[in-house]
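As structure tokens, the structure follows; a few thoughts come after it.
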Amino acid sequence: MLEQLFGSKTRLKLLRLFLNNPTQPYYLRELARTLKTQLNSVRREVVNLEKIGIVKSVAMTEELVKTAKGKKKKEQGGAKKYFLADTEFILYPELKGLILKAQLLLERTFVSRIEKISSIKLFILSGIFVGIEERSTDLLIVGKVNKNQLARIIKDFERELNRDINYTVMTYPEFKYRQDITDKFLYDILENRKIVIVDKLNVVI
């Protein structure tokens, strides 16, 4: 949908990445590697976005090094040109809102597809779906699920979002056992920020 609006799949991927990570600086080869896209396409679209004012080029200052998640020191230094979202761009709030709304539509389709292949007792979205990185899982399903179909659906969604999704599937007996022993992994999901899609067990805290 947004691909037609913005005219380029690479441009849309870049917009999603920059707008969802506004303080994260990236250099061109890193963008190509992250987005699994040809370097020339990335370079062309970044130049276009910089001309419009949506992204800006920056020098890697000591302050930016702190925000450069996962970058090795040898990647942080040197003469590389880095790019990040320009949050002062006049249409920045509207663009970010549009990207988020499109993502919500994708998520609804994603959830609907999973519900069709499952007999679910509990379905919770966590982690990246609620804006929290580094969570133990992004999606918890309790019930009977066709795991092969689920894996295909999640792979499709990962391609759309251009990021990995960690997911957990439990049978009801496994869930009940973990609940009874106050399993840390399970309660980390139940007690923190989440989106509850289905709760036939009445366990959500």
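Below are the figures for this structure:
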{"item": "Count of the stretch 124-150 residues which are charged (D, E, K, R) and within 15 Å of Asp164 (Cα to Cα)", "result": "4"}
{"item": "Residues of the stretch 138-172 that turn out to be over 22 Å from Leu35 (Cα atoms) and assigned to a loop (DSSP other than H, G, I, E, B), as a count", "result": "2"}
{"item": "Conditions (1) at pLDDT 90 or above; (2) touching a strand residue (DSSP E or B) at 6+ places or on another chain (Cβ under 7 Å); (3) under 19 Å from Ala32 (Cβ atoms): number failed by Lys80", "result": "(1)"}
{"item": "Inter-residue pairs, beta-carbon under 8 Å, first closer than 10 Å to Leu125 by Cβ and in the stretch 186-197, second surrounded by 13 or more Cβ atoms within 10 Å (Cβ to Cβ) and of a type in the set (Phe, Trp, Tyr), 6+ apart", "result": "Ile195/Phe129; Val196/Phe123; Ile197/Phe123"}
{"item": "Pairs where the first residue, in the stretch 108-135, is within 22 Å of Glu174 (Cα to Cα) and the second is in a helix (DSSP H, G or I) and of a type in the set (D, E, K, R), C-beta under 9 Å, 6+ apart", "result": "Phe123/Glu115; Leu125/Glu107; Ser126/Asp188; Arg135/Asp188"}
{"item": "Condition check for Ser119: under 28 Å from Val204 (Cβ atoms), buried (at least 17 other Cβ atoms within 10 Å of the Cβ), of a type in the set (Gly, Ala, Ser) and modelled with pLDDT of 85 or more", "result": "no"}
{"item": "Residue match in the stretch 102-112 (condition: surrounded by fewer than 16 Cβ atoms within 10 Å (Cβ to Cβ), assigned to a helix (DSSP H, G or I) and of a type in the set (Lys, Arg))", "result": "yes"}
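The values are calculated or read from the model by the stated rules, or taken from the named source; none is laboratory data. Note that this is a predicted model, so its numbers are computed, not measured. Positions of Cβ are generated from backbone atoms using ideal geometry, with glycine treated the same way; all protein chains shown enter the neighbour counts.
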